Amino acid sequence: MPRDAQAKDAPPRTFLIEPFDIMLHATETGVQALQTRFGNWLRTLTGPARFVCWQIPTTLDDKIAAVSQTARDTDNPQRARLLMEYRRHYELLQNAAEYQRALCGIALWSNENPRALAAGMGSAFDTPVTEAAWPGLFEGRYELRDAPFWHLAPVGRPGGRSVWAILTSYEFMPSVWNFFRPLASLLRLNFPLALAVDIPRTYDRNEGIDAVESIIAAYQVHLATIRGEDSRSVTRVADCRRALQEMNQGDALHLAQITIAVAAPDLETLKQRVHAVINETRAWFLLRQEVGELLARSVGFFAAKRTKEINIPQTTWPVTSRELALMLAPLGYRKLSTTDGILRGEAVGAAYPMFHDSWKDKRATHEIWVGVSGFGKTYLCNCYLSREYAENGIPFDLLEPMGHGRHIARAFGLPWHVLNAKNTTLNPLDPMFGTLIDQKSHSIRIIETVLGRPLSGGQRQNIERGLLGEALDILYRGFPDLNRVTPDLAPTCDTACDVLSGLGDKDHIKMTARDLADEIAGLCCGSGPWASFLNGQTNVDLARGGRRWIEPRVFSFHEMSEDPIMLAIAYTQVLSAIRRDSLLDEQPRIIAVDEVYRLMRHPALLDFLIEAAKTFRTRRKKLVAIDQQMSVFLEGKARMVFENSPIRVIFNQRQGMNVFQEDAAFQHLNQQHRDIIAALPRFHYVLDIQDEGLWYLYNRSSESEMERFRTT
């Protein structure tokens with residue numbers, strides 16, 4: 001009994017599949033792995049199935065209109081100027097290309113749970129699959145017309161609607177298929193069409209073997225009765241023997257047929273496009289143009305309608321699972337899918353702009369950016385912050401240690417906060433938390449970093465931690481609300497040392513308190529190495545000050561880069577102030593931290609960064625953590641930051657490829673992905689968005705971005 005007998009009365013289940021980029025699999029090993037995965041799933045078919053790919057013309061008109069409307073609505077002249085610059089950029093992109101939207105779907109006639117079917121396909125195709133209704137092949141009413149040739153024409157006012165012709169395969173040629181020829185070639189013709197691979201029947205294994213063996217027997221009888229050579233029949237016998245070998249290795253035998261719908265604005269163009277499709281596929285399969293009533297019925301191949309109900313002459317061809325897998329090649333040709341969100345780059349090869357909206361979730365979506373110096377991280381970061389600010393009105397805080405913050409500060413007319421040891425004071429005792437216990441923990445973390453040792457883990461260290469906590473408790477106890485303590489009222493290091501030195505009720509405790517106070521004072525007070533930086537009133541404006549909205553801010557630390565401890569403390573205090581303000585509202589904001597390893601190498605400050613990342617996310621503050629090597633984010637506690645960052649922007653990683661091979665978080669990457677990452681040219685990167693997909697992109701920036709940020 002054929003397998004489809006089990007699904008004779010099963011309802012159709014339709015699914016939409018997000019196409020992926022086959023260029024990320026374009027090695028011999030990569031495409032073999034794809035074919036194996038697809039083939040293994042096709043082996044499990046128990047009923048009729050149909051794969052459809054729609055290639056629909058699309059434009060950037062919606063994006064251009066949205067940007068224009070935002071420019072009219074905003075009362076910020078700077079944003080309006082930036083928006084008009086981006087509008088011109090999108091118009092230039094559109095004028096230079098003819099964009100298509102690719103949509104793929106599968107219909108299964110099955111009694112199984114649709115969610116289970118979608119999950120199985122998602123695992124096999126390694127791309128999101130959702131149960132959803134298919135779009136119609138065309139809109140409105142159409143009628144059959146036979147002059148000058150059979151076609152479908154819109155009824156009533158055309159309204160820009162296309163005319164259609166439908167082609168159906170009737171013979172498959174003995175040619176070698178792959179994921180790049182012939183079906184992918186059709187998609188590169190770059191005009192609107194739809195392609196359906198109908199699979200009306202999947203044989204039971206034994207029945208399939210019998211069917212192929214009977215074909216071989218028929219050809220052998222034919223060859224035995226003719227005189228001379230019949231190379232075509234010999235080739236068919238060889239194909240059948242190979243099919244038997246594949247079936248004995250587990251493949252199923254399927255009947256398949258290809259139907260192609262071609263659209264055009266007028267009949268002359270339609271005729272040219274039909275001939276182009278026929279010529280493009282001639283070496284692999286032959287197509288007939290449907291006429292009369294058969295043309296009307298053929299539209300059913302692009303809907304969830306059983307093949308028997310469509311009722312056209314059957315011209316299916318037997319193929320094995322691994323051969324049929326190659327007919328799903330359009331899944332690997334992702335094109336422009338949406339214009340919602342921010343431009344993240346241009347797809348390498350396909351050359352379509354990739355937009356992504358990372359704010360659709362109520363919580364912020366953190367990002368990790370990695371790449372060796374000189375390959376475009378800083379430039380892309382400046383472009384990204386500019387686009388988010390212009391199009392979504394989302395401000396940012398940029399913390400960077402190299403001094404390139406001056407470029408984005410100049411571009412936006414922002415104050416440039418340069419922190420240095422001579423002119424900057426950051427009081428480590430400034431209240432950054434609203435509760436006493438959290439504030440004490442924060443201040444103790446800073447002091448631990450200054451001392452270069454933990455205040456825990458041993459008896460003396462635990463006593464020291466308790467004494468320092470008691471001193472801080474005394475200093476903060478007089479403030480009824482820590483959130484209202486301004487820098488001029490906050491206690492300073494010398495005051496803390498004075499209070500600490502007088503604590504203790506036993507001689508050895510008093511001695512420990514005085515020793516700790518002397519140690520802190522020797523570093524932070526008087527003529528200590530960090531006295532001017534840490535002991536005194538904070539002179540950098542980090543306070544919200546009653547403002548409902550804080551403009552973008554740029555903090556540069558390049559003038560203190562020679563002292564890693566001072567730099568780490570400066571990073572922490574600025575991030576602490578940002579974290580403190582983030583608790584007051586849920587306004588979206590981006591916090592970009594370059595060279596984040598400077599924080600992570602200090603255990604006490606790493607704990608703060610992990611906690612801050614969690615706080616930022618729940619308050620719609622996006623953390624963009626930037627560093628040179630991915631390994632920085634995978635070691636020890638730092639992995640918590642990685643696990644909370646589902647978006648990864650990966651530039652050239654030629655010196656840190658081991659993590660992409662060994663770490664379980666990157667098991668979805670194949671060898672081709674790793675080869676691409678190891679050899680990425682400048683301004684090229686892989687965008688890896690968890691549960692959404694993988695993109696190989698190029699930062700095609702606007703002319704205005706290039707003018708503003710070219711020196712970065």
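Quick notes
- Inter-label distance, Ala80 to Arg145: 4.8 nm, where each label sits 7 Å from its Cα along the C-beta direction.
- Segment 228-274 shape via C-alpha gyration tensor axes, a/c threshold 1.5: oblate
- Average projected area [Cα convex hull, segment 366-461], square nanometres: 10.1
- Relative contact order (percent, whole number), the chain, Cα cutoff 8 Å, 6+ residue spacing: 17
- Segment 260-282 and segment 296-338 have Cα centres spaced 18 Å apart.
- Heavy-atom accessible area ranking, 1.4 Å probe, most first, across Trp109, Trp150, Trp177: Trp150, Trp177, Trp109
- Inter-part distance where segment 156-191 and segment 395-413 are each reduced to a Cα centre, Å: 50
- Packing-based ranking, highest mean first, of 471-480, 427-436, 685-694, 255-264 given that Cβ atoms within 10 Å are counted: 255-264, 427-436, 685-694, 471-480
- Beta bridges assigned by DSSP with both partners in segment 553-712 are antiparallel in approximately 60 percent of cases.
- Length-normalised contact order of segment 425-539 in % [C-alpha pairs under 8 Å, at least 6 apart]: 36
- Euclidean distance between Cα centres, segment 639-712 to segment 348-389, Å: 10
- Each semi-axis of the equivalent ellipsoid for segment 15-143 is √(5λ) with λ an eigenvalue of the Cα gyration tensor; in descending order they amount to 39, 20, 15 Å.
- Added length on full extension, which subtracts the Cα-Cα distance from 0.36 nm per residue, Ala33 to Glu131: 32.7 nm
- Computed with every protein chain present, the accessible area of Trp549 is close to 110 Å² [probe 1.4 Å].
- Modelled FRET efficiency - R0 51 Å, Asn95 with Arg242, Cβ distances, 0.05 increments: 0.55
- Of the peptides 508-518, 110-120, the order by per-residue mean of other Cβ atoms within 10 Å, starting with the highest, comes out as 508-518, 110-120.
- 0 to 90° range, to nearest 10: angle between helix 77-95 axis and the chain longest Cα axis: 20
- The length gained on full extension between Leu489 and Gln667, counted as 0.36 nm times the residue separation minus their Cα-Cα distance, comes to 58.8 nm.
- Across segment 425-539, the convex hull enclosing all Cα atoms gives 90 Å³ per residue.
- Net length gained if the chain between Ala211 and Ala153 were fully extended (0.36 nm per residue, minus Cα distance): 16.7 nm
- Cα gyration tensor category, rounded, prolate or oblate, for segment 71-155 with a/c compared to 1.5: oblate
- By the Kirkwood approach, averaging reciprocal distances over each pair of separate Cα atoms, segment 204-251 gets a hydrodynamic radius of 11.3 Å.
- In segment 141-203, the C-alpha radius of gyration followed by the widest Cα-Cα span (Dmax) gives 15.9, 47 angstrom.
- Sites Asn40 and Met173 - FRET efficiency at Förster radius 22 Å, r taken between beta-carbons, to 0.05: 0.25
- Label-to-label distance for Leu583 and Lys305 is 6.3 nm, based on points extended 7 Å past Cα in the beta-carbon direction.
- nm² value of the averaged projected area, convex hull over the Cα atoms of segment 531-679: 10.4
- Distance between the pseudo-spin-label points of Ala543 and Arg460 (7 Å out from Cα toward the beta carbon): 4.0 nm.
- Only DSSP H runs of four or more residues enter the estimate; each adds -39500 (n - 2.57), and after division by the residues of the chain the mean residue ellipticity at 222 nm equals -12000 deg cm²/dmol.
- DSSP beta bridge pairing in the chain, given as percent antiparallel to the nearest 5: 75
- Peptide packing: for 355-366, 161-172, 440-451, the average count of neighbouring Cβ atoms within 10 Å per residue gives the ranking 440-451, 161-172, 355-366, highest mean first.
The values are calculated or read from the model by the stated rules, or taken from the named source; none is laboratory data. For clarity, every value in this text was computed on a predicted model and none was experimentally measured. With ideal geometry, Cβ positions are generated from the backbone for all residues, glycine too; neighbour counts draw on all protein chains shown. Note: areas computed on protein heavy atoms with side chains; ligands, DNA, RNA excluded. Shrake-Rupley method; radii C 1.70, N 1.55, O 1.52, S 1.80 Å.
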